[in-house]
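Here is the structure we will look at.
What follows draws every value from the coordinates through simple rules; no lab data is involved. Please read these numbers as outputs of a predicted model, since none were measured by experiment. Methodologically, a virtual Cβ is constructed for each residue, glycine included, from the backbone with ideal geometry; neighbour enumeration extends over all protein chains shown.
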Amino acid sequence: NGETDRFVEIWNLVFMQYDQQPGGQVVPLPKPSVDTGAGLERIACVMQGVDTNYQIDLFQAIITAISELTHAKYADNRSSHHVIADHIRALTFALADGAGISNEGRGYVLRRVLRRAARHGRLLGAHEPFIYKLVPVLVSEMSGAYPEIREKQEHIQRVIRTEEEGFLRTLETGLELFERVAKKVKATGSTTVDGETVFKLYDTYGFPADLTEIIAHEHGLTVDLIGFEDAMSRQQEQSRKGSEFKAAGAQLGKTLTQLAEDEKWSFHESKFVRGHMSLGAVVHYARIIDGAVAVILDKTPFYVESGGQISDTGKLSGDGFSIEVTDIAHVGNYYVHIGHFLSGSIELVRPGLHVTAELDSARRWDTMRNHTATHLLHAALRKVLGEHVKQGGSYVGPDRLRFDFSHHQPMTSEEIRRVEEIVNAQILEAVDVQTDIMPIEEAKKTGAMALFGEKYGDTVRVVSVPGFSRELCGGTHVTNVAQIGPFMVTLETGIASGVRRIEAVTGRNAAKVMLDDKGIRTHAAQLLGRREDEIIPAIEQLKDTNLQLQKELKRVKAEMFSGGSKTVGHQTKVGPVTLVTHDFGDTDKDIMTAWIDTEKAKPGPVVVAALGQTNGKPTYLAAASNSAITEHKIDVGAISKELLSQFGGRGGGKASFAQGGVAPETKPDELFSRMKTLLEAKV
């Protein structure tokens, strides 16, 4: 372990035997083990007789490609080459394994990895996306041992390229913003960028704090990271306010910690029983905030939120009391029922008392329909879009299902319809849903899909729709797919680079959507006076007619305002100059322009000004005739710039024409009166 080059560690063994708990107690592990840190690159480095891992053959092709793409010599900036080479490997394998790039969790780690690589690419002189071009090089090197990266190559490249392009735009904006920040900091004689500024760059403009720190260092500045963390904590604290459950959970967690330290309490875990009702014994109970109560049972049918499926609700009934259960918490090995008394009081609850735990059965059925449908949806997406589709997150509740998945582009309407057809066809097959408990390795051999990032024990539960879907899942499901009822997609959108989100409804909610849609069609047909199957052509015809009428109305108005009618516009003399003004109200900018052109073309020196609401915004236009400009030196651009600034707006232009906007509360008479005053000063 000397700090010299005499010894180089190539293999590290860690003997794991104990678990040191928060209180300081050292507990023997149930299965002592050895972590062997013999890396492939370390061994290759020794065998190939080179000084660093980056000089082995597995890295050389990538490093050569980096030099060719950035036109930067390896010898001139080895560290940036190393960072990019290392990071493209991490990104490729993670994306191939089903991870995505996002703003939270593992997705944010990948986002930071890619941004750091892109930043080093810029240091090498690359100002265009290039990291995605390294993927084929890595694939040619390592796909022999890892064929999945070749199978997912196109998907990986698209995800990296999309994220890289977005970050380079952010980087350009951030660099420009930081230049201003650096000048301001140096002007005050300081060498530190304050935490609030760093947080603003992150929160408002999406500029990562670690990147701000790197750029600050290049400017000879430091960053107040403690201040940044404080600002971040304040924002997080604000987002946490108002969450009763978290406050209750914190108090409950403290109570359970005390219980765990009590040697007299021998209860070790709650058991989850499948079904909608069960009899359980009270192990412990406690008051929590706002009159709520927490009850721990030795067994319960209530499902606690896990794997995307939300917790059950229902009630606990005992001798003389009833508790409405609104949430379930899984703290340690205990299932904690949280709720309020419907009848009776906490004095009637005692350890050992047997109570009936009963779910909201209709709510559970809706949730089960959506959960099984999520499995069918996953399989259908893989059939329609490709095997690269993997789950990146989900929500399963009684109201709907939400499924996030890896895919590089929006789904077309035809693809969505095809997915709906496949899922509904499978539902009509009325196949029984099978559940099996087996060792995880055996489950994987059967083709059961495991979710990226999820932790599984040695024994797992496999949920199957024979011949169609097989996944590792501990959630609750229908017994036959026909119980799902109709399935309808209600939303498809993007939530991050390379990650799409799809939402759908089943059963009662899907039936409601169908009936609502039918009601809309019937009403539309009545309004149009057509049959339901003729609605779309009728709407298209109505749209075309409306566009033609709008064009005709616009033409008539333009002719009316440009026809020289004395009733349009107010005229007043300002010395030898005629000032013509008009408030158009809701109008079109082209109509205002046509009127101004007509008025300023009249004989003599003329200045014209108009105010109107175009697209919901106050719009100001002004113009001056040639004689007003040449004979009286009128400059409506300069006059307008000064005028608009006095009414909460801005604008300006040339001597002959100006435009701009004003505050919404501006009164036209006051604006035109002030313009007359400014014009008098110029004449």
Relative packing of 593-599, 51-57, which averages over residues the other C-beta atoms within 10 Å, highest first: 593-599, 51-57
Taking every Cα atom in the stretch 412-545, find the radius of gyration and the maximum pairwise distance Dmax, and write them in Å. 20.6, 67
Can you compute the modelled spin-label distance between GLU148 and THR522, with each label point 7 Å from Cα toward Cβ, in nm? 5.1 nm
Full extension from GLU670 to SER140: what is 0.36 nm times the residue separation minus their Cα-Cα distance, to one decimal in nm? 183.5 nm
What is the distance, in nm, between label points placed 7 Å from the Cα along the Cα-to-Cβ direction at ASN615 and at LYS589? 0.6 nm
Grab the DSSP H runs of the chain that are 4 residues or longer, score each as -39,500 (n - 2.57), total them, divide by all residues and round the 222 nm result to the nearest 500 deg cm²/dmol. -14500 deg cm²/dmol
Label-to-label distance, nm, for residues given as LEU678 and THR188 (7 Å Cα→Cβ offset): 3.6 nm
What's the ranking of 178-189, 468-479 by average number of surrounding C-beta atoms within 10 Å, highest first? 468-479, 178-189
Straight-line reach from LYS31: which aspartates and glutamates fall under 14 Å, measuring Cα to Cα and dropping same-chain residues less than 8 apart? ASP19, ASP458
Can you figure out the FRET efficiency of VAL26 with ALA90, using R₀ = 30 Å and their beta-carbon distance, to the nearest 0.05? 0.30
What aspartates and glutamates does LYS512 reach when the alpha-carbon gap must be under 16 Å and sequence neighbours fewer than 8 apart in one chain are set aside? ASP366, ASP399, GLU503
Could you give the angle, 0 to 90 degrees to the nearest 10, between helix 413-428's Cα long axis and the longest principal axis of the Cα atoms of the chain? 30 degrees
Calculate the FRET efficiency for LEU279 and HIS340 from the Cβ-Cβ distance with a Förster distance of 22 Å, rounded to the nearest 0.05. 0.50
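How long are the semi-axes of the ellipsoid equivalent to the stretch 1-138, from square roots of 5 times the Cα gyration tensor eigenvalues, in whole Å, largest first?
They are 34, 23, 14 Å, listed largest first.
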Cut-off 18 Å, label point 7 angstrom out along Cα-to-Cβ of LYS271: give me the residues of the stretch 320-360 whose amide nitrogen falls inside. 333-336, 352-358
Determine the gain in length on full extension of the stretch SER33-GLU68; use 0.36 nm per residue of separation and subtract their C-alpha separation, reporting nm with one decimal. 8.1 nm
Assuming 0.36 nm per residue, please report the length gained on full extension of the stretch ARG6 to SER361 beyond their Cα-Cα distance. 120.8 nm
Report, as a whole number in µm² per second, the diffusion coefficient that Stokes-Einstein gives for the stretch 95-194 at 37 °C and 0.692 mPa s using the Kirkwood radius over alpha carbon pairs. 212 µm²/s
Ratio of the chain's C-alpha Rg to 2.2 N^0.38 Å, to two decimals? 1.33
Using the Kirkwood radius built from alpha carbon pairs, what does the Stokes-Einstein equation give as D for the stretch 334-479 at 37 °C and 0.692 mPa s, in µm² per second? 185 µm²/s
Restricting to bridges with both residues inside the chain, how much of the DSSP beta-bridge set is antiparallel, in percent to the nearest 5? 85 percent
Once both axes come from the Cα atoms, what is the angle between helix 78-96 and the longest principal axis of the chain, in degrees from 0 to 90, rounded to 10? 70 degrees
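Would you please name the chymotrypsin sites (Phe, Trp or Tyr not before Pro) within the stretch 290-371 that are DSSP coil residues with at most 16 other C-beta atoms within 10 Å of their C-beta?
none
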